[in-house]
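Here's the structure, in structure tokens; my notes come after.
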Amino acid sequence: MSLQKIFFSLGLLVIAFTLVFRTHAHPLKKATAEVLALCKSAGYRPSCYEKEIPKLLGKLTMEQTFAVVKGVQDADPEYLYCHVLAHKISFAESQKHPDQWKDILSRCPQAQCNYGCLHGSLIQHFRGETLTDTQIVEAIPDLSTVCEPHAGFSPTDLDRTMCYHALGHLAMYITGGKPGKAIPICEQVSKKPDGRNYTDTCIQGIFMTVFQGVDPEDIALVKGIKPEKNAVVAFCSYYEKHWQSCRRESYPLFRDQILTPDGFIGFCSYALDSAHWENCALGVLNIVADTFFEKTDGLEKSKAYCSRLPKDKQSICYAGIAQRLVQIEPLRHIDTAVSLCVEAQRYGLDKDCFEGLSYYGFVSFLPHTPDQSVYCQKIPVVWQCGLYGRHSP
């Protein structure tokens with residue numbers, strides 16, 4: 001073990017024991033300390049957290065368990081991406097209360113763990129259950145309204161977007177892992193009378209299920225259809241008008257490639273127009289950000305990566321990584337995201353970056369709330385945080 005890792009593990013241990021002895025009367029702080037102590041020597045701490053924290057649901061509420069997640073992230077800055085853990089927590093809560101799957105949505109923490117709680121509570125309700133065509137028709141009214149405001153559920157714009165994305169995952173479950181049958185479900189439930197249309201984000205959820213299984217059940221669902229790397233083009237071509245969404249979501253198969261600037265450009269070369277290229281780029285940069293910021297040198301790695309891209313692609317690189325950080329958890333990562341935009345400003349490339357952060361100030365929070373105010377105070381006033389922005393998630 002390197003000296004740096006030894007000191008880091010000792011630091012976590014000190015934090016854990018400090019919490020135990022100073023706050024033994026506080027169950028959440030005690031639970032946080034116990035998790036940190038259990039996982040301090042794990043080869044890969046995020047996997048340990050994902051295993052240990054859901055066990056707390058036997059003695060803590062779902063809300064308290066997410067508070068422990070926050071405490072662990074506060075203590076371990078290398079634990080960036082808790083989306084999978086949030087899935088597991090809401091999966092377990094949905095199993096405890098199967099008839100309350102809609103109510104669990106309203107209890108999910110806003111803007112934490114990249115909305116994994118919303119995904120988990122929706123998917124668990126239909127997980128492992130293939131519906132007949134008649135049952136699917138009967139489910140459409142519920143699926144069409146579950147992401148919209150209802151008693152106890154006042155979603156932000158991004159809550160709704162991520163909820164419809166989760167419906168794409170769900171559509172794969174209820175069709176037994178058949179994208180061709182899942183796509184029409186997205187097309188039916190995602191178009192709204194007021195002109196809003198979440199079809200693309202829902203369909204991206206379908207193809208994400210194909211290429212990015214979270215657990216053994218996900219992997220088993222698509223075992224017979226997931227293509228090998230060299231068959232992605234043929235597989236996606238089958239889906240005609242949605243083939244570009246399919247290609248975008250295949251990026252986990254090309255992970256090593258896209259972590260290099262040349263590989264990123266090559267991967268997105270399938271895009272036929274600037275809109276689809278940008279959509280591809282933002283998807284790739286999600287993986288780049290998630291990978292780089294698993295370590296504390298993520299900011300420096302991001303700067304180096306973006307600077308090695310062709311000049312006309314550097315702006316979206318800074319913007320995409322910054323947006324990913326605030327999508328994962330806006331208040332936790334806004335300072336780092338702003339630092340990346342300031343770096344882009346040195347080269348006159350800050351417009352897309354700050355506009356993207358401003359946009360997330362609008363979609364990530366309910367308007368005129370204290371959290372929105374705290375977030376927007378971090379962004380230079382000229383960008384009118386929370387009022388407008390060019391990029392959509």
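Here, each number is a calculation from the coordinates, and none is a lab measurement. Note that the structure is predicted; figures quoted are calculated from it, not measured. Neighbour counts run over all protein chains shown; Cβ positions are idealised from the backbone, glycine included.
Once the Cα gyration tensor of the range 157-214 is diagonalised, what are the square roots of 5 times its eigenvalues, in whole Å and ordered largest first, as equivalent ellipsoid semi-axes?
After scaling each eigenvalue by five and taking roots: 19, 13, 7 Å.
With viscosity set to 0.890 mPa s and temperature to 25 °C, compute the Stokes-Einstein D of the range 295-347, Rh being the Kirkwood radius across alpha carbon pairs; µm²/s, no decimals.
Rounded to a whole number, D works out at 222 µm²/s.
Of all the C-alpha pairs in the range 296-393, what % are more than 19 Å from each other?
That fraction is 33 percent.
With +1 assigned to the C-beta of every Lys and Arg and -1 to the C-beta of every Asp and Glu, and no other charges, what is the dipole magnitude of the chain about the Cα centre in debye, to the nearest 20?
680
Quick one: compute a quarter of the convex hull surface over the Cα atoms of the chain and quote it in nm².
Computing the convex hull of the Cα atoms and averaging its projections yields 20.1 nm².
Take each of the peptides 237-244, 44-51, average the number of other beta-carbon atoms within 10 Å over its residues, and list them starting from the highest.
44-51, 237-244
Measuring from label point to label point, each 7 Å out along Cα→Cβ, what is the Gln100 to Lys378 span in nm?
3.2
Where the eigenvalues come from the Cα gyration tensor of the range 210-259, what are the semi-axes √(5λ) of the equivalent ellipsoid, largest first, in whole Å?
17, 15, 9
Quick check: net charge around His87, other residues with Cβ under 14 Å of its Cβ, Lys/Arg +1 and Asp/Glu -1?
Once all neighbours under 14 Å are counted, the net charge is -2.
In the chain, with Lys and Arg counted as +1 and Asp and Glu as -1 at Cβ, which of these residues, Thr209, Ser339, Pro27, has the Cα nearest the positive end of the dipole, that is, farthest along it?
Value computed over the given set: Pro27.
Radius of gyration and Dmax for the range 122-207's Cα atoms, expressed in Å?
Calculated on Cα positions, Rg and Dmax stand at 12.0, 34 Å.
Using the per-residue mean of other Cβ atoms lying within 10 Å as a proxy for protection, in what order, highest first, do the peptides 372-381, 30-39, 131-140 fall?
30-39, 372-381, 131-140
Based on the alpha carbon coordinates of the range 17-120, what radius of gyration and maximum Cα-Cα distance (Dmax) apply, in Å?
For the range 17-120, the Cα radius of gyration and maximum Cα-Cα distance read 13.4, 41 Å.
Given the -39500 (n - 2.57) contribution per DSSP H run of 4+ residues, what per-residue ellipticity at 222 nm results for the chain, rounded to the nearest 500 deg cm²/dmol?
Helix-only estimate at 222 nm: -20000 deg cm²/dmol.
In the range 80-249, what is the volume of the convex hull around the alpha carbon atoms, normalised per residue and reported in Å³?
Per-residue hull volume (Cα only) is 120 Å³.
If I build a Gaussian network model for the chain, linking alpha-carbon pairs within less than 10 angstrom, which residue out of Gln188, Gln110, Gln124 has the largest mean-square fluctuation?
Highest fluctuation among the options: Gln188.
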